[in-house]
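Engineer: One structure, as structure tokens, below. Some questions next.
The values are calculated or read from the model by the stated rules, or taken from the named source; none is laboratory data. Everything quoted here is computed from the prediction, not taken from an experiment. Quick reminder, even Gly has a Cβ in these numbers, built from the backbone with ideal geometry, and neighbours come from all protein chains shown.
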Amino acid sequence: MIKLSQPNIPEEALGAVVEVIRSGQLVHGEQCVHLERELSRYLGCNECLLVSSGTAALHIALLALNIGKGDAVIVPDFTFPATANVVALVGATPIIVDVDSTSYNIDPDRLAEVVQNWKGPEKLRAIMPVHEFGNPAGMGQILELASRHELHVIEDAACALGAQVSANSVGTLGDLGCFSFHPRKTLTTGEGGAIATNSVELAKRIRLLRNHGMERAGSEIKFHTPGLNYRLTDFQACLARYQLPKLDEWIALRRELAKTYSDKLKPLEQLGLLRLPQIAEGHSWQTYMVVLDKRFSRTEIIDCMRTLGIEVGMGAQSLSCIGLYSNAHNQRLCYPNGKELSLSGLALPFFEKISKKDVDAVCGALSDVLYKLS
Ligand SMILES: *Cc1c(COP(=O)(O)O)cnc(C)c1O
């Protein structure tokens, strides 16, 4: 079976993780301290706080900015639902904006329309752009709009570690940037995440919130705020420290792989059988997703590919279509672009170690299946 995705854990990491476990220092050890420093340096930001998942990062970001009841936060329609779930869970209202069907990211014109015409009753507090599949969202326009309307920007960079806008890392451009180390992401600790920020004040709040609101001063313990336990373990941090030095090399391989797929699948696009993803500058390619022509049933194609030994799958969800988030602001049942991407998006096997032979097999099988069903 050619898998959709495969974690790339360096062999050397395994022994090192065992050492950390043998040491008995499973949490609150040096590994997390080192990784936070190494990630800050890699990203080029002042502070990077480790947490237990990408969802924890998003949740704590909202809490750190005191976003809650009576507030509203803008999210793109096409994403993993965690982006909107955390907004709802802090008591705020997610405001869904449709995405662009080429970049798969929030549509900057629709976003501007929503912000400029905002009438409440909630107080619009933040924009939460997603860098979908590693493709940087239009941060120039987003930051400009946010600053003009005094909104916070929380980047959902969960699947975009290493993606760049000009020479800047995504996740460091807004107030807070959230990353995930889930096994489907390019760098993984099993579960895990991080929050990047240049604000000393926010970093301080996040440190408290992820650790029971607790601060140790010598032998004294103070509880400053109601907090959570969203810490990462030291053996997980150790796992990440062996991957981070290789990340840029991996992303380079992923960029090549995306080009190879697009070259090989070009004829299918010319025949109108599918659309290829945008090959954008700075893209870190966590996922390579094509969009099938609407004549096809994706389920049927996934099944056909599976019988040929190839695992393919859907890309992400449309928040407006899953039905959880219809409210006074999100009355349209389904946004057209998000809906199309969520129904017809097809993610292809994509990881650094995939062989040329397997890439050929995927492209060959996909052509055969699409010809047969068209
Ligand atoms: C993966 C992902 C998340 C969730 O991250 P977890 O670590 O699985 O909690 C949130 N948003 C986006 C865009 C993601 O890709």
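Engineer: Determine, yes or no, whether Glu352 is within 30 Å of Asp248 (Cβ to Cβ) and surrounded by fewer than 16 Cβ atoms within 10 Å (Cβ to Cβ).
Structural biologist: Here the answer is no, as Glu352 does not meet what is asked.
Engineer: Of the residues Leu319, Leu373, Leu324, which is surrounded by 17 or more Cβ atoms within 10 Å (Cβ to Cβ) and in contact (Cβ under 8 Å) with a residue 12 or more places away in the chain?
Structural biologist: Result of the check over Leu319, Leu373, Leu324: Leu319.
Engineer: For Arg241, which of the numbered conditions (1) closer than 29 Å to Lys372 by Cα; (2) in contact with a His (Cβ under 7 Å, 6 or more places away or on another chain) fails to hold?
Structural biologist: (1)
Engineer: Still on this model: Somewhere in region 107-124, is a residue out of contact with any helix residue (DSSP H, G or I) (no Cβ under 7 Å at 6 or more places or on another chain) and within 16 Å of the ligand (Cβ to nearest atom)?
Structural biologist: no
Engineer: Taking the condition of being in contact with a Pro (Cβ under 7 Å, 6 or more places away or on another chain) and at pLDDT below 95, how many residues in region 66-124 meet it?
Structural biologist: So the answer is 0.
Engineer: Right, something else. Among the residues of region 48-75, which ones are away from the ligand (no atom under 11 Å from the Cβ) and either in contact with a Ser or Thr (Cβ under 8 Å, 6 or more places away or on another chain) or not aliphatic (A, V, I, L, M) (or both)?
Structural biologist: Cys48, Leu49, Asn66, Gly68, Lys69, Gly70, Asp71, Ala72, Val73
Engineer: Here's something else I'd like to know. Tell me, yes or no, whether region 84-93 has at least one residue that is outside any strand (DSSP E or B), more than 16 Å from the ligand (Cβ to nearest atom) and without any contact (Cβ under 8 Å) to a residue 24 or more places away in the chain.
Structural biologist: Looking through region 84-93, at least one residue is outside any strand (DSSP E or B), more than 16 Å from the ligand (Cβ to nearest atom) and without any contact (Cβ under 8 Å) to a residue 24 or more places away in the chain.
Engineer: Write out, first by first residue and then by second, each pair whose Cβ atoms fall under 7 Å of each other, whose residues are 6+ apart or on separate chains, and whose first residue, in region 42-66, is more than 11 Å from Arg205 (Cβ to Cβ) while the second is part of a helix (DSSP H, G or I) and charged (D, E, K, R).
Structural biologist: Listed pairs, sorted by first residue: Cys48/Glu36; Leu50/Glu36.
Engineer: Ok, one more. Report whether or not Ala112 is under 18 Å from the mean Cα position of the chain (by Cα), farther than 24 Å from Thr287 by Cα and not β-branched (Val, Ile, Thr).
Structural biologist: no
Engineer: Collect the residues in region 260-285 that are charged (D, E, K, R) and under 18 Å from Ala361 (Cβ atoms), keeping them in residue-number order.
Structural biologist: Asp263, Lys264, Lys266 - these are the residues of region 260-285 that are charged (D, E, K, R) and under 18 Å from Ala361 (Cβ atoms).
Engineer: Of all residues in region 256-305, how many are under 20 Å from Ser5 (Cβ atoms), in contact (Cβ under 8 Å) with a residue 24 or more places away in the chain and among the basic types (Lys, Arg)?
Structural biologist: Here the count works out to 2.
Engineer: For region 129-215, list the strands (runs of 3 or more DSSP E) that sit wholly inside it and hold at least 3 residues that are away from the ligand (no atom under 16 Å from the Cβ); which are they?
Structural biologist: Ranges flagged: none.
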